[in-house]
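Trainee: Pasting in a structure now, in structure tokens, and then I'll have a few things to ask.
The values are calculated or read from the model by the stated rules, or taken from the named source; none is laboratory data. A quick note: this is a predicted structure, and the numbers were derived from the prediction, not measured. Quick reminder, even Gly has a Cβ in these numbers, built from the backbone with ideal geometry, and neighbours come from all protein chains shown. For the accessible areas, the whole protein counts, side chains as well, though only heavy atoms, and no ligand, DNA or RNA atoms are used. Shrake-Rupley method; radii C 1.70, N 1.55, O 1.52, S 1.80 Å.
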Amino acid sequence: MVLFLLVMAVTLISVTKDVTTAEQRKIQREKDIQELMATIRENSREFPEIKVDESTYRIDLGEKVRFDSNRSDISEVGSRFLRGYVPVLLRAQASELGQTWIRRIVVEGFTDQDGTYLLNLGLSLQRSRSVVCVLFSQPLSSETPLSDSEKRQIEDLFLVGGYSFNSMKASKEASRRVELKVDFWALDEEKEASPPIDNRAIGQC
């Protein structure tokens, strides 16, 4: 009987220790992610239009990346703004914590409620794609161009998505926008090695 109780006590201690360790790892992951989002928010301060939501991991690009009705092209001002801002996210991903936890950045396009569901779904995808196309387009002479390593990082990191009109803003103009969603690895999620992309042609939009 004493031996049985001793075995049960040791087992209980072992299980409790495992649970505690798992909880500690979960808490540490959340702390790391909050630190990453706080860093992104702080480094976004030089771009007053940017709104970083640290609780949902979303980044609203603001008024400079808005669209006319039924259009997906981005203005010259918006293009310059995107090429200037995106390196903030690339530096965050290249950091030690970013390499550990940032899985991808999803570009999400939105529309207003005008038009059909399928039309707006396609339009939201086109708007998301336009953001990525701008990053690979020829910059103006006054801009510092993105480096080849930054472009490879974008190719590996950015994913185009579409949200249609599922998240409306106060006005139609504000609804026709793009947001970036930072996606993080789960605990113990297997990180698959990306295929080599050095010789892959980027193509044209």
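Trainee: Considering every Cα-Cα pair within the chain, what fraction, in whole percent, is farther apart than 24 Å? Present the calculation step by step, with values, prior to reporting the outcome.
Mentor: Details: 10470 of 20910 pairs.
Taking all Cα-Cα pairs of the chain, the fraction more than 24 Å apart is 50 percent.
Trainee: Please identify the longest segment of the chain free of exposed GluC sites (Glu not before Pro), where exposed means a DSSP state other than H, G, I, E or B and no more than 16 other Cβ atoms within 10 Å. Working shown, then result.
Mentor: Values: sites that count: E46, E49, E54, E143, E189, E190, E192.
For GluC sites (Glu not before Pro) (loop position, at most 16 other Cβ atoms within 10 Å), the longest site-free span of the chain is 55-142.
Trainee: Round to the nearest 0.05 the FRET efficiency obtained for Q99 and K172 when R0 = 45 Å and r is the Cβ-Cβ distance.
Mentor: Working: r = 40 Å, r/R0 = 0.88.
FRET efficiency, Q99 to K172: 0.70.
Trainee: Nearest 5 percent is fine: what portion of the DSSP beta bridges confined to the range 28-163 is antiparallel? Present the calculation step by step, with values, prior to reporting the outcome.
Mentor: Working: 3 of 8 bridges.
So the antiparallel bridges amount to about 40 percent of the total.
Trainee: S75 versus D156, label points 7 Å from Cα toward the beta carbon: distance in nm?
Mentor: Between S75 and D156, the simple spin-label model gives 3.5 nm.
Trainee: Turning to a different aspect of this structure: Name the residue from G62, W101, V52 whose Cα lies farthest towards the positive end of the charge dipole of the range 49-104, charges +1 on Cβ of Lys and Arg and -1 on Cβ of Asp and Glu.
Mentor: Positive-most Cα among the choices belongs to W101.
Trainee: E143 to T116: FRET efficiency via 1/(1 + (r/R0)^6), r the Cβ-Cβ distance, R0 35 Å, to the nearest 0.05? Intermediate results must be reported in sequence, preceding the final value.
Mentor: On the way: r = 38 Å, r/R0 = 1.08.
Taking R0 as 35 Å, the efficiency between E143 and T116 is 0.40.
Trainee: Let me ask something else. Can you give me the accessible area per residue for the chain, using a 1.4 Å probe, in Å²?
Mentor: Working: 12470 Å² over 205 residues.
With the other protein chains kept in place, the chain gives 61 Å² per residue.
Trainee: Something else about it: Give the longest segment of the chain that steers clear of trypsin sites (Lys or Arg not before Pro) in DSSP loops with at most 16 neighbouring Cβ atoms within 10 Å, not counting the sites themselves. Walk me through the intermediate numbers first.
Mentor: On the way: sites that count: R45, R71, K169, K191, R200.
Value returned for the longest uninterrupted segment is 72-168.
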